[in-house]
Amino acid sequence: MSAAMEVVGVATAQRTGKMAKGVAVHIEGVTKVYETRQGDEILALERTDLTIEPSEFVAVVGPSGCGKSTLLGLIAGLIPATSGRILLDGAEVTRPHPQTGVVFQSDLLLQWRTVTENILLPIEIKRRHTADYLPRVEQLLEQVGLQGFDSKYPTELSGGMRQRVAICRALVQQPGLLLMDEPFGALDALTREQMIMDLQAMWLSAGNTVLFITHGIEEAIFLADRVIVMSPRPGRVDLSLKIDIERPRRWKDHIDPRFVDYVAQVRKIFEAKGVLTER
Ligand SMILES: Nc1ncnc2c1ncn2[C@@H]1O[C@H](COP(=O)(O)OP(=O)(O)OP(=O)(O)O)[C@@H](O)[C@H]1O
Ligand SMILES: [Mg+2]
């Protein structure tokens with residue numbers, strides 16, 4: 001079976017719910033207030049309610065500073081909520097969940113470790129046998145086009161390659177929930193396009209739940225089942241837009257009239273909020 005056929009087959013299985021092994025996320029009345037060192041309070045996230053279905057791909061778009069990374073940090077169990085609660089498969093998040101993989105805004109690779117050693121870090125932290133995961137590492141590297149790079153060091157890689165390694169590190173433990181914070185923000189246009197296509201293929205075969213944060217309206221619409229639009233600080237969910245375009249999506253779908261209409265809907269909200277203005 002060709003890779004393309006496999007992806008189509010998986011997409012069908014997913015729609016019929018056969019592959020659902022993603023984690024369900026429930027965000028209930030969550031707010032976040034940071035206290036600055038001067039003792040001031042900053043409301044970063046207004047009361048937020050959001051449900052993400054198992055195996056759903058949700059993208060969050062919003063202007064800089066609107067609380068996107070805060071939301072991700074809360075779900076990841078890395079920062080405590082000021083009020084409300086977050087449930088993963090019904091269990092309240094109080095610390096990082098073993099089923100969660102995170103790709104941060106910068107790659108955060110350890111310079112003194114090889115590509116393989118970086119990818120195996122979450123396995124080591126869980127004190128599992130790293131040798132058991134070597135075939136998985138090989139498979140992931142092949143999936144992202146980095147076969148043969150296993151014993152290189154991060155300094156020997158380009159920015160795009162490093163970000164791919166960071167994605168492999170988040171995927172090595174086959175997380176039921178993948179949280180990605182602007183993972184392609186620092187990439188050139190061509191690498192970004194390739195990574196968007198690779199991410200779609202990986203998600204279609206893995207069937208995990210994904211929360212993907214981005215500044216890019218088109219990137220969000222292309223990848224997601226649902227796009228959440230956040231308003232400027234204090235962050236709040238302004239719109240939840242279901243994207244009804246069949247999968248696997250192809251790059252030419254960018255000119256599909258439905259796609260163009262979704263882009264216009266999101267831009268309209270940003271224009272109304274003064275985030276985007278015609279000059
Ligand atoms: N540790 C912190 N202490 C105080 N304020 C913070 C802290 N982290 C974030 N903030 C503030 O909370 C708000 C939301 O920040 P956050 O990083 O979540 O935004 P963002 O949407 O991810 O922005 P960007 O798109 O630029 O990454 C900002 O006003 C920021 O200054
Ligand atoms: Mg951020």
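Observations on the structure shown:
- Inter-label distance, nm, simple model (7 Å from Cα along the C-beta direction), SER151/LEU87: 5.0
- Relative contact order %, the chain, counting alpha carbon pairs below 8 Å whose residues are six or more apart: 26
- Restricting the calculation to alpha carbons of the chain gives Rg and Dmax of 18.7, 61 angstrom.
- Dipole axis of region 126-257 (+1 Lys, Arg; -1 Asp, Glu on Cβ), positive-most option in ILE213, SER240, GLN173: GLN173
- Burial order of peptide ranges 92-99, 48-55, 127-134, 62-69 (average beta-carbon count within 10 Å, highest first): 62-69, 48-55, 92-99, 127-134
- Charging the Cβ of each Asp and Glu at -1 and of each Lys and Arg at +1, and nothing else, the dipole of region 137-242 about its Cα centre rounds to 340 debye.
- Region 234-277 and region 96-123 have Cα centres separated by 31 Å.
- Across LYS21/LYS242; LYS68/LYS126; LYS68/LYS273, pairs whose alpha-carbon gap is larger than 19 Å: LYS21/LYS242; LYS68/LYS126
- A straight Cα-to-Cα reach below 18 Å connects LYS268 with the aspartates and glutamates GLU218, GLU219, ASP238, GLU278, residues fewer than 8 places away in its own chain not being considered.
- Dividing the helix sum by the residues of the chain, where each DSSP H run of 4 or more adds -39500 (n - 2.57), gives a mean residue ellipticity at 222 nm of -10500 deg cm²/dmol.
- For the chain, with +1 on Lys and Arg beta carbons and -1 on Asp and Glu, the positive-most of ILE79, ILE255, ALA44 along the dipole: ILE79
- Averaging the sequence gap over all C-alpha pairs within less than 8 Å and six or more residues apart, then dividing by the number of residues, gives region 122-242 a relative contact order of 20 percent.
- Hz values of 3J(HN,Hα) by residue in region 152-157 - Karplus curve (6.51, -1.76, 1.60), Gly and Pro given as x: 7, 9, x, 5, 8, 10
Quick note: the coordinates plus some simple rules give every number you see, no bench work behind them. Note that this is a predicted model, so its numbers are computed, not measured. FYI the Cβ positions are ideal-geometry reconstructions off the backbone, even for glycines, and counts take in every protein chain you see.
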